[in-house]
Amino acid sequence: MRAMVKFFNDILSYGFVTAEDLNEGVFVHSRVLNDCRFHSLMQGQKLLIRIKDSDCGSQVQAVWLLDD
């Protein structure tokens with residue numbers, strides 16, 4: 001699913017992305033970024049993400065950067 005970084009806080013180690021098919025932000029934790037070999041995200045960055053639903057809501061499970 002295509003998404004864009006809404007914000008990411010390096011100090012708190014989490015942020016949110018907006019996905020084109022969802023009406024709400026999706027939580028992303030730095031642990032997922034580390035698993036995908038990233039250290040941080042920048043606001044407005046375009047991504048391809050895989051999400052999963054949990055008891056706490058939708059969460060990013062995997063991240064890939066898009067060039068466009």
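Computed from point charges on the beta carbon alone (+1 for Lys and Arg, -1 for Asp and Glu), the dipole magnitude for the chain about its Cα centre is near 160 Debye. When restricted to Cα atoms, the chain yields an Rg and a Dmax of 10.6, 33 Å, respectively. Relative contact order of the chain: 32 percent, from C-alpha pairs under 8 Å at least 6 residues apart in sequence. Taking every DSSP helix (H) stretch of at least 4 residues in the chain, weighting each as -39,500 (n - 2.57) and dividing the sum by the residue count yields a mean residue ellipticity at 222 nm of -2000 deg cm²/dmol. Residues of segment 48-65 with an amide N closer than 13 Å to a point placed 7 Å from the Cα of LEU22 along the Cα-to-Cβ direction: 48-63.
No lab work stands behind these numbers, since they all come straight from the coordinates. Please read all numbers here as calculations on a predicted model, not as lab measurements. Note that each Cβ is placed from the backbone with ideal geometry, even for glycine, and that neighbours are counted across all protein chains shown.
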